[in-house]
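The values are calculated or read from the model by the stated rules, or taken from the named source; none is laboratory data. Just so you know, these numbers come straight off a predicted model, no measurement behind them. Cβ sites come from the backbone with ideal geometry, for glycine too, and all protein chains shown count toward neighbours. With ligands, DNA and RNA removed, areas are computed over all heavy atoms of the protein, side chains included. Shrake-Rupley method; radii C 1.70, N 1.55, O 1.52, S 1.80 Å.
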Amino acid sequence: MATKIGGGCSCGSLRYQLKDNPVFVHACHCSLCKQQTGSAFIAHAFIESFNFEVTKGTLNYFEGATGSGNPHEVGRCDNCSVAIISYYRGQRLRGVVKVGTLDEPEKFPPKVHAHVNNKVPWIEIPKDIPAFEGNYDFEKTWPKESFQRWTKAI
C-alpha cells in the first residue's frame, strides 16, 4: 500500500486523497477530452472507488459526453467546478482521477497515449511510450497486475 496521495481543486474548497497508487495512468488526446479540459490532452489516473476519498468539500456530478455514447459522470468541486473524477458506463466502482488535480502530478506520468490521431502537432510523445491512433485494449496493454486490480474492482 502506498502513502496516501493528496489532491484538490483550484479554489481549495475540495480536497481528496488516493489511498493507493493509481492502477494505471494514460493520456487521452480525443476531441472530447480536449474540449472538456480546455487543454491539448488529459491525463487520467485509474483508481478503484474504495481508494478515492473526498476529505474536504463536496463533489457535484454532471453528465458529460463520450465518444462511445456511454454514460459519463464528472465529479466537480461544488465551488469552482474543477473536474476531479469521472465514472464511465454508469458505474461507480472504478473512476478516473484527473492527474492535474493531484498535488504532485509529475509523479504520475502517462504510460500510454490514446487517440493520438487527434493529437495537436506540437505535442511530442516519447518514443518509448506506446501510442494508439484510437482507443486501446487495456488487457493487452496494461501490466498484468494493473489489469487484474482493475477487473477485481467490479
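Any residue at all in segment 8-17 that is open to solvent by 70 Å² or more (accessible area, probe 1.4 Å) and part of a strand (DSSP E or B)? Yes, some residue in segment 8-17 is open to solvent by 70 Å² or more (accessible area, probe 1.4 Å) and part of a strand (DSSP E or B).
Taking each residue of segment 136-147 that is surrounded by 17 or more Cβ atoms within 10 Å (Cβ to Cβ) and looking for partners that are of a type in the set (F, W, Y) with beta-carbon atoms closer than 7 Å, six or more apart or interchain, yields W142/F24; S146/F24; F147/F138. Exactly one residue among E48, E63 is within 13 Å of the chain's Cα centre (by Cα) and of a type in the set (D, E, K, R), and that residue is E48. Can G90 be described as more than 14 Å from the chain's Cα centre (by Cα) and farther than 25 Å from F50 by Cβ? Spelling it out, it is not the case that G90 is more than 14 Å from the chain's Cα centre (by Cα) and farther than 25 Å from F50 by Cβ.
Anything in segment 64-78 that is of a type in the set (A, V, I, L, M, F, W, C) and crowded, with 16+ Cβ neighbours inside 10 Å? List them, or say none. Hits for segment 64-78 are V74, C77.
Residues that are over 21 Å from S39 (Cβ atoms), small (G, A, S) and modelled with pLDDT of 95 or more do not occur anywhere in segment 114-136. Within segment 18-39, the set of residues being among the small types (G, A, S) and open to solvent by 10 Å² or more (accessible area, probe 1.4 Å) comprises S31, G38, S39.
Residues in segment 88-108: is at least one of a type in the set (S, T, Y), farther than 20 Å from A40 by Cα, outside any helix (DSSP H, G or I) and open to solvent by 30 Å² or more (accessible area, probe 1.4 Å)? Looking for residues that are of a type in the set (S, T, Y), farther than 20 Å from A40 by Cα, outside any helix (DSSP H, G or I) and open to solvent by 30 Å² or more (accessible area, probe 1.4 Å), one finds at least one in segment 88-108, hence yes. Out of the residues in segment 24-64 that are hydroxyl-bearing (S, T, Y) and assigned to a loop (DSSP other than H, G, I, E, B), state the one that is nearest to L14 (Cα to Cα). Top of the filtered list is T58.
Of all residues in segment 110-129, count the ones that are farther than 13 Å from H29 by Cα and either in a helix (DSSP H, G or I) or open to solvent by less than 60 Å² (accessible area, probe 1.4 Å) (or both).
Within segment 110-129, residues that are farther than 13 Å from H29 by Cα and either in a helix (DSSP H, G or I) or open to solvent by less than 60 Å² (accessible area, probe 1.4 Å) (or both) number 1.
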